[in-house]
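> One structure, pasted below without further comment.
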Amino acid sequence: MKIKLQIWRQKNARAKGKFETYELDNVSPEMGFLEMMDALNLKLAKESKDPVSFDHDCREGICGSCGLYINGQPHGPEGKTTTCELRMRFFKDGQTIVIEPWRAKAFPVIKDLVVDRTAFDRIIAAGGYISIDSGSAPEANNIPVCKNSADKAFDAAVCIGCGACVAACKNSSAMLFVASKVYQLSTLPQGKIEARERVQKMTAAMDREGFGSCSNTYACEAECPKGISVTTIARMNSEFLTAKVVAQKSE
Ligand code: SF4
Ligand code: FES
């Protein structure tokens, strides 16, 4: 396959970026999207040009670092697929592919396609953990967890923190990410203890970081590579309201 690439190039956070056009021959349909990017960078290096910076790590759909906007869609055209799992067979010979970084105020561009997603780390640090003393490794059945709760917690725990939900939302809302983390922890018995405190701390951190409010368009659900449902947001909202009511009553 022969493809044309229009890629956002930006030297650093302060520089003005622009699209540059590249052509690449001999792209195999079986190549992963990031392997295609590697091939482009090899070509650029041979030509003594600056390779394109992009984030990646596991290349197995687990780490959440490979967030790219591809032809107007976070992680590209294939549903429930991270960029590293996307194959070039989903594109046509001769097609032009436009590649951009996530565009959100809370995710400033560092270089080219790499954005700063440490806002997510700060939200997790604000409360996305269980702080009870866990001591030594417990027996598996010491704390019974019903199957229904375990399944619900796991559905939320599959969030890889990629930020596609933010990138897809017209308000750059981080609600799906935050709701996944809140719900995952508060559904399990160990996490219930500080659930009310957690939801307030994490949503306050989300606001501080400059993410917008939920736009109710379900764009986050449509673009989430792990298929996390917006019902998770409804569950977080209900937990948030309960926390507020309980806090008012105890004042
Ligand atoms: S909710 Fe989905 S889209 Fe958002 S960060 Fe988690 S995995 Fe990525
Ligand atoms: S590189 Fe880890 S999810 Fe894509």
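> Please list the non-local residues whose amide H lies under 5 Å from the amide H of residue 173, H modeled 1.01 Å from N, same-chain partners needing a gap of 5 or more.
Long-range HN contacts for residue 173: 212.
> Springs between alpha-carbon pairs under 10 angstrom, Gaussian network model over the chain: which of 170, 147, 18 fluctuates most?
Of 170, 147, 18, the Gaussian network model singles out 147 as fluctuating most.
> Could you pull the accessible area for residue 31 with a 1.4 Å probe, rounded to 10 Å²?
Roll a 1.4 Å probe over it and residue 31 shows about 40 Å².
> Which one of 80, 105, 181 has the biggest mean-square fluctuation once the chain is modelled by GNM with Cα springs under 10 Å?
105
> Which residue, 29, 51, 144, has the most motion in a Gaussian network model of the chain that connects Cα atoms within less than 10 Å?
Among 29, 51, 144, the largest GNM mean-square fluctuation belongs to 144.
> Tell me whether the range 1-126 comes out rounded, prolate or oblate; compute the Cα gyration tensor, take square roots of the eigenvalues as a ≥ b ≥ c, and use a/c under 1.5 as the rounded threshold.
Oblate, since a/c reaches 1.5 and b/c is not below a/b.
> Can you spot the aspartates and glutamates whose alpha carbon is less than 13 Å from residue 111's alpha carbon? Ignore those fewer than 8 places along the same chain.
Filter leaves 50, 55, 100.
> Which three numbers, in whole Å and largest first, are the semi-axes of the equivalent ellipsoid of the chain derived from its Cα gyration tensor as √(5λ)?
For the chain, the semi-axes come out at 38, 20, 16 Å.
> Still on this structure: In the chain, carbon and sulfur make up what percent of the accessible area (probe 1.4 Å)?
After summing per-atom areas, the C and S share lands at 51 percent.
> Here is a follow-up. Excluding residues fewer than 8 places away in the same chain, name every one of the lysines whose C-alpha is closer than 22 Å to that of residue 226.
Residue 226 reaches 80, 147, 152, 170, 181.
> While we're here: With a 1.4 Å probe and all protein chains left in place, how much accessible area per residue does the chain have, in Å²?
Accessible area per residue, the chain: 52 Å².
The values are calculated or read from the model by the stated rules, or taken from the named source; none is laboratory data. Not measured: the values here are computed from a predicted model. What goes into the accessible areas is simple: the full protein's heavy atoms, side chains included, and nothing from ligands, DNA or RNA. Shrake-Rupley method; radii C 1.70, N 1.55, O 1.52, S 1.80 Å.
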